[in-house]
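One structure is given here, and the rest of the page talks about it.
The values are calculated or read from the model by the stated rules, or taken from the named source; none is laboratory data. Keep in mind that what you see is a predicted model, and the values were worked out from it rather than measured. Methodologically, a virtual Cβ is constructed for each residue, glycine included, from the backbone with ideal geometry; neighbour enumeration extends over all protein chains shown. Note: accessible area is taken over every heavy atom of the protein model, side chains too, but ligands, DNA and RNA are not part of it. Shrake-Rupley method; radii C 1.70, N 1.55, O 1.52, S 1.80 Å.
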Amino acid sequence: MMPRRNRVVVTGMGILAPNGIGLKEFWKSLLEGRSGIGPITLFDASELESRIAGEIKDFDPSEYIEPEQKPKRMARHTQLAYVAAMMAIRDAGLEISGPDFPSPTPVVVGISTSALDIIERVYRDSDEHGLKGVAPTALSASKPQAAANVIADRIGRFAHASTVSSACPSGLDAVANAANMIWLGEAEIAIAGGADAPLTKHSIASFIASGLSSTRNSEPEKASRPFDLTRDSGVISEGAGMFVLEDLERAQARGASIHLEIIGYGTQRDTAPDLPGSGLVESMRIAMADAGITTDSIDYICAYGPGHPVLDRAEVDAIKKVFGPRAYTIPVSSVKGVTGNPLAAGGPFQIAACGLMMQHGRIAPTANYEVPDPLCDLDFVPNRSRKSSINCALVNVRGLGGSASTLVVSHPPRDV
């Protein structure tokens with residue numbers, strides 16, 4: 001491992017989530033445990049067994065994206081990523097200009113599913129109008145790199161774009177990749193995060209076929225139930241979370257407000273198909289070692305907790321294996337009872353939640369935790385927020401295929 005030259009802090013956050021657009025609404029919903037899950041309205045879901053999802057409400061791209069960016073040509077996840085990035089830049093108190101974004105400025109975006117809305121539109125257009133009816137913009141709009149490209153294009157010639165695709169950890173991994181560039185002195189500032197918009201008919205049908213979408217259609221707001229005994233599966237959602245990362249000295253020099261510091265990262269795939277939490281065991285250990293801390297330093301764990309019967313239990317077992325008896329004394333909560341599972345945006349939602357918890361001195365609860373599961377028996381902060389000072393937290397994410405990643409974040413340096 002190469003020695004770090006710099007410390008990395010988050011100075012800007014932008015969130016578009018089913019439970020709120022912007023930090024204020026996102027945080028209010030987390031505290032209240034108010035779910036953003038509802039009936040699917042983006043397409044006719046009447047033929048599907050699962051007819052609920054986490055849609056972003058009242059999102060009109062033309063209200064957020066400049067006309068010259070041609071938002072109607074973008075895939076939905078690209079629209080979300082772009083808007084979240086611009087929110088983060090404003091939150092950081094920056095302007096898109098040469099002095100604020102020097103060369104190089106990395107733009108790293110995590111994408112899990114690609115532009116499914118564009119791909120399905122291509123099939124519809126070809127069915128209705130023949131192959132010549134396919135839009136000429138479909139190819140460029142459907143590239144996984146499109147989101148990073150449009151953000152980098154807006155920042156200007158000093159930005160360079162890259163995309164990370166590692167299933168659900170994609171967004172968290174993108175943030176870690178950007179942080180690593182700043183740690184090593186390769187950049188002073190970066191834009192990073194994740195976005196996904198998998199809410200299309202065939203995508204949801206695929207999640208249903210894999211047993212990854214709750215069928216609790218009659219009460220959608222209670223369908224995502226992390227760690228609850230009656231959980232039947234998670235709920236698929238959409239969203240974007242983007243951040244401005246900076247070298248600490250640069251942030252201090254310009255008097256920036258700091259949300260949190262990134263101090264460690266680890267990633268590891270499951271070591272065997274029948275051990276779904278084994279990757280998380282190692283990613284937590286690697287991340288803490290990378291941060292130079294022990295389990296005694298962790299005040300809070302922001303869990304992956306998708307509300308899936310097997311995956312929730314596997315994460316609990318992993319936490320117990322890493323922390324031993326102390327696992328029962330650490331608050332652990334999942335925001336997915338409110339947000340659903342937005343795939344690559346999930347890790348960024350958790351990072352943003354940690355920053356807000358540190359700022360306000362309260363732990364967001366695990367919503368919809370009503371019936372304790374004897375095999376999921378940690379302190380899940382059920383349904384009510386809790387006053388608590390968080391100095392150091394773990395953020396866990398796991399994905400299909402067994403990939404697992406953990407980020408260690410800490411309270412902003414006390415002298416800023």
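Residue by residue, here is whether (1) of a type in the set (D, E, K, R); (2) touching a residue at least 40 places away in the same chain (Cβ under 8 Å) holds:
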{"position": "Ser62", "(1), (2)": "no, no"}
{"position": "Glu66", "(1), (2)": "yes, no"}
{"position": "Ala85", "(1), (2)": "no, yes"}
{"position": "Phe101", "(1), (2)": "no, yes"}
{"position": "Pro144", "(1), (2)": "no, no"}
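Being assigned to a helix (DSSP H, G or I) and closer than 24 Å to Glu261 by Cβ narrows it down to one residue among Ile351, Ile293, Ile301; which is it?
Values: Ile293 fails: assigned to a helix (DSSP H, G or I); Ile301 fails: assigned to a helix (DSSP H, G or I).
Answer to the selection: Ile351.
Could you tell me how many of the residues in the stretch 314-352 are under 16 Å from Ile363 (Cβ atoms), touching a helix residue (DSSP H, G or I) at 6+ places or on another chain (Cβ under 7 Å) and open to solvent by 10 Å² or more (accessible area, probe 1.4 Å)?
Residues in the stretch 314-352 being under 16 Å from Ile363 (Cβ atoms), touching a helix residue (DSSP H, G or I) at 6+ places or on another chain (Cβ under 7 Å) and open to solvent by 10 Å² or more (accessible area, probe 1.4 Å): 0 in total.
Before we move on, is Asp274 surrounded by fewer than 20 Cβ atoms within 10 Å (Cβ to Cβ), in a helix (DSSP H, G or I) and out of contact with any Asp or Glu (no Cβ under 9 Å at 6 or more places or on another chain)? Spell out the reasoning first.
On the way: surrounded by fewer than 20 Cβ atoms within 10 Å (Cβ to Cβ): yes; in a helix (DSSP H, G or I): no; out of contact with any Asp or Glu (no Cβ under 9 Å at 6 or more places or on another chain): yes.
In short, no.
Tell me which residues, restricted to the stretch 120-160, are within 16 Å of Pro71 (Cα to Cα), in a helix (DSSP H, G or I) and of a type in the set (A, V, I, L, M).
Of everything in the stretch 120-160, those that are within 16 Å of Pro71 (Cα to Cα), in a helix (DSSP H, G or I) and of a type in the set (A, V, I, L, M) turn out to be Ala138, Leu139, Ala141, Ala146, Ala147, Ala148, Val150, Ile151, Ala152.
If I go through the stretch 164-182 residue by residue, how many of them are buried (at least 24 other Cβ atoms within 10 Å of the Cβ), assigned to a helix (DSSP H, G or I) and touching an Asp or Glu at 6+ places or on another chain (Cβ under 9 Å)?
3
Six or more apart or on different chains, Cβ atoms under 7 Å: show the pairs whose first residue is in the stretch 4-17 and under 14 Å from Val409 (Cα atoms) and at pLDDT 95 or above and whose second is among the hydroxyl-bearing types (Ser, Thr, Tyr) and surrounded by fewer than 24 Cβ atoms within 10 Å (Cβ to Cβ).
From the stretch 4-17, the pairs are Thr11/Ser257.
Go through the stretch 64-110 and count every residue that is under 18 Å from Gln145 (Cβ atoms), open to solvent by less than 40 Å² (accessible area, probe 1.4 Å) and of a type outside the set (Val, Ile, Thr).
Here the count works out to 12.
Tell me which residues, restricted to the stretch 375-416, are in a loop (DSSP other than H, G, I, E, B), open to solvent by less than 10 Å² (accessible area, probe 1.4 Å) and modelled with pLDDT of 95 or more. Don't jump to the end; show me each part of the working.
Filtering the stretch 375-416 for residues in a loop (DSSP other than H, G, I, E, B) gives 375, 377-381, 383-385, 388-391, 399-402, 411-416.
Then keep just the ones that are open to solvent by less than 10 Å² (accessible area, probe 1.4 Å); that gives 380-381, 390, 399, 402.
Result: Phe380, Val381, Ile390.
For residues that are acidic (Asp, Glu) and in contact with a strand residue (DSSP E or B) (Cβ under 8 Å, 6 or more places away or on another chain), scanning just the stretch 51-89, find the one that is nearest to Ile208 (Cα to Cα). Write out each step before concluding.
Taking the stretch 51-89 as the starting set, the residues that turn out to be acidic (Asp, Glu) are 55, 58, 60, 63, 66, 68.
Subsequent filtering for residues that are in contact with a strand residue (DSSP E or B) (Cβ under 8 Å, 6 or more places away or on another chain) retains 55, 58.
Details: Glu55: 17, Asp58: 26 Å.
Per the criteria, the residue is Glu55.
So which of Gly194, Gly234 is assigned to a loop (DSSP other than H, G, I, E, B) and either more than 26 Å from Gln79 (Cβ to Cβ) or modelled with pLDDT of 95 or more (or both)? It would help to see each step written out before you state the result.
Working: Gly194 fails: assigned to a loop (DSSP other than H, G, I, E, B).
Exactly one residue qualifies, and that residue is Gly234.
Under the condition of being out of contact with any strand residue (DSSP E or B) (no Cβ under 7 Å at 6 or more places or on another chain) and in a helix (DSSP H, G or I), which residue from the stretch 304-313 is surrounded by the fewest Cβ atoms within 10 Å (Cβ to Cβ)?
Selected residue: Val310.
Given the conditions (1) surrounded by fewer than 22 Cβ atoms within 10 Å (Cβ to Cβ); (2) in contact with a strand residue (DSSP E or B) (Cβ under 9 Å, 6 or more places away or on another chain); (3) modelled with pLDDT of 95 or more, report the number of the one that Lys222 does not fulfil.
(2)
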